[in-house]
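The values are calculated or read from the model by the stated rules, or taken from the named source; none is laboratory data. In this text, all values refer to a predicted model and were calculated from it rather than measured experimentally. Here Cβ is always computed from backbone atoms with ideal geometry, including for glycine, and neighbour counts include all displayed protein chains. Each accessible area value is taken on the protein alone, full model and side chains, heavy atoms only, with ligands, DNA and RNA left out. Shrake-Rupley method; radii C 1.70, N 1.55, O 1.52, S 1.80 Å.
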Amino acid sequence: MKTKIIIFILLISILFMYFIIEIKCFKINNVVLYNDKLTEDINIVQITDFHDNRHINRKKLIEEIGNINPDFIFLTGDIIDAKTEDTRYTLELIEELTNINDNIYFVWGNHEHRNIKGEEFVNNLEKIGVNVLNNENVCVKLNKDEINISGVDFYLDKSDYEKALQGLNEKNYTILLSHSPNRPLYYTRGLEDLILAGHTHGGQVRLPIIGPIIAPGQGYFPKYDKGIFELENGVMYIDSGLGNSVLPIRFLNRVQISNIKISPS
């Protein structure tokens, strides 16, 4: 009996340590894509669903992103949590990112909307130099290429989505930022070469063989959980996020950021 109790305690301890690693020790997911609209590489860092995660090593995160030396940093929503009361920690982190590259773009997630200080947080992002895209687009010159960057709000309808793509030069490579993958899947017009999204947390808890159990807006055993999905005229990439909501638990699904490299075909 005593041996069984010791084994049980050891198993619980190992599981607890595993949970700590999953929510604290972030990884970098490397993605390589190709497109013949480009003449030179684009190097992107995507950060999504951070949820004001204070478990991670912030210094190491900044160092790793600095080593990547991205052309763009995309913040695809839920950078704070709905329950975040003091946003200074996250703002200081993003301000450090502006020292690496000031080509930083942000779109609203549902948690920014739900947080009573959400609007204040987004205003402060703009004050430190972050470009906030709210159903609109910009064209950015990068070396010899012109890149369309479009961003949509979490709460939008078809007319908002069309507004976000209005006036784009279709010859340019087009990146659309959306917190949720669900709305672009409904509204896509095939103008987007790359859609970057988050929101799903990759299911947060995943099971062997089965994969994700549930994702918001998709229900049980979601199809669009994380990773690359081929669309009719482009690609959607869903990052599983750097934080957690509801409970700080992940299983087979470590917190992460993504380094996305897009090269000429």
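The fraction of accessible area contributed by carbon and sulfur in the chain is 53 percent, rounded to a whole number (1.4 Å probe; ligands and nucleic acids excluded). Per residue, the average separation of C-alpha pairs within less than 8 Å and at least 6 apart gives the chain a relative contact order of 27 percent.
Counting Lys and Arg as +1 and Asp and Glu as -1, what is the net charge of the other residues whose Cβ lies under 9 Å from the Cβ of residue 161? For residues surrounding residue 161, the net value is +1.
Each residue of the chain gets 142 Å³ once the volume of the Cα convex hull is shared out per residue. Relative to the first principal axis of the alpha-carbon coordinates of the chain, what is the inclination of helix 88-98, with its axis defined by its Cα atoms, in degrees from 0 to 90 and to the nearest 10? With rounding to tens, the tilt is 50 degrees.
Separation of the range 19-70 from the range 240-265 is 8 Å, based on Cα centroids. Can you tell me the 0 to 90 degree angle between the C-alpha axis of helix 118-127 and the longest principal axis of the chain, rounded to 10? The helix 118-127 is inclined about 60 degrees to the chain. Amide H contacts under 5 Å for residue 195: 176, 235, 236, 237, restricted to partners 5 or more places along the chain or on a different chain, H placed in the peptide plane at 1.01 Å from N.
For the full complex of protein chains and a 1.4 angstrom probe, list 185, 252 by accessible area with the highest value first.
From most accessible down to least: 252, 185.
Over the range 104-147, Cα pairs under 8 Å with separation of 6+ residues give a relative contact order of 38 percent. How much net charge surrounds residue 202 when only other residues with a Cβ under 10 Å from its Cβ are counted (Lys, Arg +1; Asp, Glu -1)? Local charge sum for residue 202: +1. Backbone geometry of the range 202-211 corresponds, through the Karplus equation with coefficients 6.51, -1.76 and 1.60 at θ = phi - 60°, to 3J(HN,Hα) couplings of x, x, 6, 10, 10, 10, x, 6, 5, x Hz, x marking Gly and Pro. Around the amide H of residue 81, modelled in the peptide plane, lie the amide H atoms of 52, all under 5 Å away and 5 or more residues distant in sequence or on another chain. Count charges around residue 130 for me, please; just the other residues with Cβ under 10 Å from its Cβ, Lys/Arg as +1, Asp/Glu as -1. Overall, the nearby charge balance is -2. Compared with the dominant Cα axis of the chain, that is its longest principal axis, helix 2-24 is turned about 20°. For the range 225-265, the calculated P(r) over all alpha carbon pairs, in 10 Å bins from 0 to the bin holding the longest distance, is 22, 45, 24, 9, 1 percent. With all protein chains in place and ligands, DNA and RNA left out, the 1.4 Å accessible area ranks 260, 228, 209 as 209, 228, 260, largest first.
State the answer as a single residue: which of 65, 253, 159 lies farthest towards the positive end of the charge dipole of the chain, with beta carbon charges of +1 for Lys and Arg and -1 for Asp and Glu, about the Cα centre. Checked the options; the winner is 253.
Mean separation of Cα pairs under 8 Å and 6+ residues apart, divided by the residue count of the range 110-181: what relative contact order is that in percent?
Here the relative contact order equals 27 percent.
Taking N as the number of residues in the range 157-265, what is its Cα Rg relative to 2.2 N^0.38 Å?
Normalised Cα radius of gyration, the range 157-265: 1.14.
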